[in-house]
Amino acid sequence: MMADITTEVLIVGTGPAGSGAAALLSSHGIGNMVINRYRWLANTPRAHITNQRTMEVLRDLGREVEDEAYMFATHQDLMGENIFCESLAGEEIGRMQAWGNHPLSRAEHVMSSPARMNDLPQTYLEPLLFKTACSRGTQARMSTEYLFHEQDGEGVTTTCRDRLTGRDVTIRSKYLIGADGGKSLVAEHAGLPFEGKMGVGGSMNIHFRADLSRHVAHRPSVLYWVMQPGADVGGIGMGLVRMVRPWNEWLIVWGYDINAPAPEVTPEFAVGVARQLIGDPDLEIELLSANTWTVNNYYATRLSNGRVYCIGDAIHRHPPSNGLGSNTSIQDAFNLAWKMALVLKGQAGEALLDSFDAERAPIAKQIVTRANRSIAETGPIFEALGMAEGVDPAQMQQNLQARSDGTPAAEAQRDAIRKAIAFKKYEFDAHGVEMNQRYRSGAVVTDGQMEPAFQLDAELHHQPTTWPGARLPHAWLYRHDDGGRVSTLDLCGRGRFALLTGLGGEPWVRAAAAVAGEMGIELASHVIGPRQEHVDHSGDWARLSEIGDDGCLLVRPDHHVAWRATGMAEAPQQELRRVLRQILAR
Ligand SMILES: Cc1cc2nc3c(=O)[nH]c(=O)nc-3n(C[C@H](O)[C@H](O)[C@H](O)COP(=O)(O)OP(=O)(O)OC[C@H]3O[C@@H](n4cnc5c(N)ncnc54)[C@H](O)[C@@H]3O)c2cc1C
C-alpha cells in the first residue's frame, strides 16, 4: 500500500531534540518532516541552562542562529550567585558562584570555546530551532500524533493520527527519529532496552510573574535554593525559586512524596507555596501554570533498532539538576544528523550509524547518573545545618542562631556548611561534564594512541585534547588578510569533514583533495601558519594541537577529532584513504 506522504527522515517531536535534528538535517540538504501531537511548541519554560557545547551546535547552524539565541537569553553574568536561604526575604545560608561565574571558572570557559553559556528558556530555544528547520526545508506537521511504525529493509512506515480531522495518515521514510520525549512511544515500540527507574521522586512546577527585584537584583542568579519544612521531600534537593526572566518571571520547583498520591496543585495551593518560598505572605503574583512531574533515573542502553533512532529525553530521563536535559538532546541530534546525512547521500555505509549508539549511549548513562547524584549531594547541607532528619522550623531557627555563636562548635558548623555548599560545584559548575565528552567507536581511529589521563577532576574541569574521539580544542586564529578572529571550530563542521595542518603539511592538503574527490565527500583543508589563510599569532593552537606542523587532524562534521597524525606520513593519500574508508564504513 502506498503511504500518504514520503520523506527521507521522519522526526517525531518538535522539542530541542526533534527541532534540533530537523534544523541540522535541513542544513545538510536532507528532506525531513517533523511532527508534534500538539498545535505548538513548549508552552512552559522547562529547560533553560544552555551550555557552551550546545551554543557551538547553534553556531554551527549559523552565526545568525547563535546571535538570536544570545539576544533572547539572560547573560551569563546574571546567572550565578546560586543562593541558599531560608526564603528569598529571609536569612541567607550561603552561596557558590555557579555556571562559570567564579573568576577561575570563567577563565576556563573563555579559554574553552568561542561560545558562552547562557540562560535560554525552552520557550525561546524551541521556536528558534524550529524556525531554523522550517526555513531551511523541514516540513512540519502539527496536531499530528505518532501511533505506531513498521520497518522493513528499505524504510519505515509510520502511522499517525491527524488530530484535526481524526483521520490516520501514513508516512514512509528511510529513517525514523524518535524525539518524542520522556514518555517516548517510539523508543517503546522499537523495543529499546532501559536501565534504572522512572518515578524516583515527586515534583511540581509553579510558573508565575512577580517582580522580585528587591530580593534578588543585588545577588543575581538563575537559582535560589530554599530550605524550609518539606524541602527535603521529593523534588530536586531543596525548594527552588528559578529565574525565568530577570526579575519578574519565575518558576518554583517543590517536591512531594512519590509514595503518596500526587497533590492537586490548585491555584490557592500554588500561590501559597510561592509566597512561602519567597517569604512574603502578601506578595501579589500572577500565576501562569502549575503541574506535577516525576524525577526519573532511567536511560536506554541501546539507542536504535534497525532504521529507528531515538534521541533526547526519549533515551535519557533525569531531573533538571546540572541543566543537562535540552543540552544533551541537542548534542544527540548533532551526533546523529551528519551521519544520517552522509548515509542518505551515499557517501557513507550504513554501519556509520552504528557509531551513534556506541558514542551516545555512554553519555546517556553518564548524565542521568550525574543529575541524580546531584540531588543526593544536597544532603550534606541539611546535615551541616542539623536537619538530616527533616526540616523543623523551630529547630532550624535554633541552628541558624547557633551558627552565629563564637564557639568552637559553631565554627565547626560554619566550616561544614561552607564545605557542603562548595561541594555543589558538581551540580552548578561541572564544566567537565559539559565539555569533556570523548567518543569511542568505529567512527574514530586512534591507531592505538593512548587516551590522555585527566590532570584535574574530569567532571569539574574541561581538558582539551586532540586525541581522536575528543572534541576539537578551541583556539582563536587570525585571518591573514584582515586580522579577523576565527575559532578553530569555525574551520570545521557544517556537515563537512575538515583537515587541519601547518606549514610543511601541504602534502596532507593535496592528499585530502584527492581522497575527497575519489570518495565524493566534502573535506575542507586548512593550513595554519604565518602568511597562510589563518595565523596562530597567540601560539594557543601550537600549545593545544598536540601535533607537529607537518602533522594533521582529521575532524568530523560534529567537531570531534576522527584521526590525527603527529607528523608527515610516507604516503599521506593512502593514510587518509584508509582512515576515511574505516570511518565512513566504505
Ligand atoms: C513539565 C516539564 C518541566 C521541565 N522542567 C525542566 C527544567 O526546569 N529544567 C530542565 O533542564 N529541564 C526540564 N525539563 C526537561 C527538558 O524540558 C527536557 O530535557 C527537554 O525538553 C528534552 O527535549 P526532547 O526534545 O528530547 O523532548 P521534549 O522537549 O519533551 O519534546 C518531545 C516532543 O515530542 C512530542 N511528542 C511526544 N509524543 C508524541 C506523539 N505520540 N506524537 C507526536 N508528537 C509527540 C511532544 O509534543 C514534543 O514536541 C522539563 C520537562 C517537562 C516536561
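Read the figures in this text as sums done on the coordinates, not as results from a lab. These numbers were taken from a predicted model, which means no experiment stands behind them. Methodologically, a virtual Cβ is constructed for each residue, glycine included, from the backbone with ideal geometry; neighbour enumeration extends over all protein chains shown.
Structural remarks
- Applying 1/(1 + (r/R0)^6) with R0 = 30 Å to the Cβ-Cβ distance of residue 291 and residue 211 gives a FRET efficiency near 0.80.
- For GluC sites (Glu not before Pro), the sites in the stretch 320-399 that DSSP calls loop and that have at most 11 other Cβ atoms within 10 Å are 389.
- With contacts taken as Cα pairs under 8 Å at a separation of at least 6 residues, the stretch 438-583 carries a relative contact order of 30 percent.
- Farthest toward positive dipole pole in the chain [+1 Lys/Arg, -1 Asp/Glu at C-beta], among 237, 12, 316: 12
- Sorted ascending by nearby beta carbons within 10 Å, beginning with the fewest, 222, 9 become 222, 9.
- Estimated from the Cβ-Cβ distance and a Förster radius of 45 angstrom, the FRET efficiency linking residue 6 and residue 70 is about 0.75.
- Karplus (6.51, -1.76, 1.60) ³J(HN,Hα), θ = phi - 60°, over the stretch 439-447, in Hz, Gly and Pro reported as x: 9, 10, 5, x, 9, 9, 10, 8, 6
- Report summary: the helix-based calculation at 222 nm, which adds -39500 (n - 2.57) for every DSSP H run with n ≥ 4 and divides by the residues of the chain, gives -10000 deg cm²/dmol.
- Relative contact order computed over the stretch 1-121 (Cα-Cα under 8 Å; 6+ residues apart), in percent: 26 percent
- Reported to the nearest whole Å, the Cα centre-to-centre distance from the stretch 210-275 to the stretch 451-498 is 39.
- Summing Cβ point charges (Lys, Arg +1; Asp, Glu -1) relative to the Cα centre of the stretch 220-288 gives a dipole of roughly 260 debye.
- About the Cα centre, charge dipole magnitude for the chain (Lys/Arg +1, Asp/Glu -1 at Cβ), debye: 1120 debye
- The count of lysine pairs in the chain that are at least 8 places apart or cross chains, and whose C-alpha atoms lie under 25 Å apart, stands at 14.
- Per-peptide average of other Cβ atoms within 10 Å, ordering 182-192, 509-519 highest first: 182-192, 509-519
- DSSP-defined beta bridges in the chain - what % are antiparallel, rounded to 5: 75 percent
- Over the chain, relative contact order from alpha-carbon pairs under 8 Å, at least 6 apart, %: 14 percent
- Normalised radius of gyration (Cα atoms, divided by 2.2 N^0.38 Å) for the stretch 348-437: 1.69.
- For the chain, the longest principal axis of the C-alpha atoms and the axis of helix 16-27 are separated by about 20°.
- Selection from 343, 47, 553, by position along the positive dipole direction of the chain (Cβ): 343
- Dipole magnitude (debye, nearest 20) for the stretch 379-423, charges at Cβ of Lys, Arg, Asp, Glu: 180 debye
- Signed unit charges on C-beta, dipole axis of the chain, positive-most listed residue 467, 565, 509: 509
- Inter-label distance for residue 457 and residue 566, nm, one decimal - labels placed 7 Å from Cα along Cα-to-Cβ: 3.2 nm
- Nearest 10 degrees, 0 to 90: helix 63-72 Cα axis against the chain principal axis: 10 degrees
- Degrees, to the nearest 10: 506-519 long Cα axis against longest axis of the chain: 80 degrees
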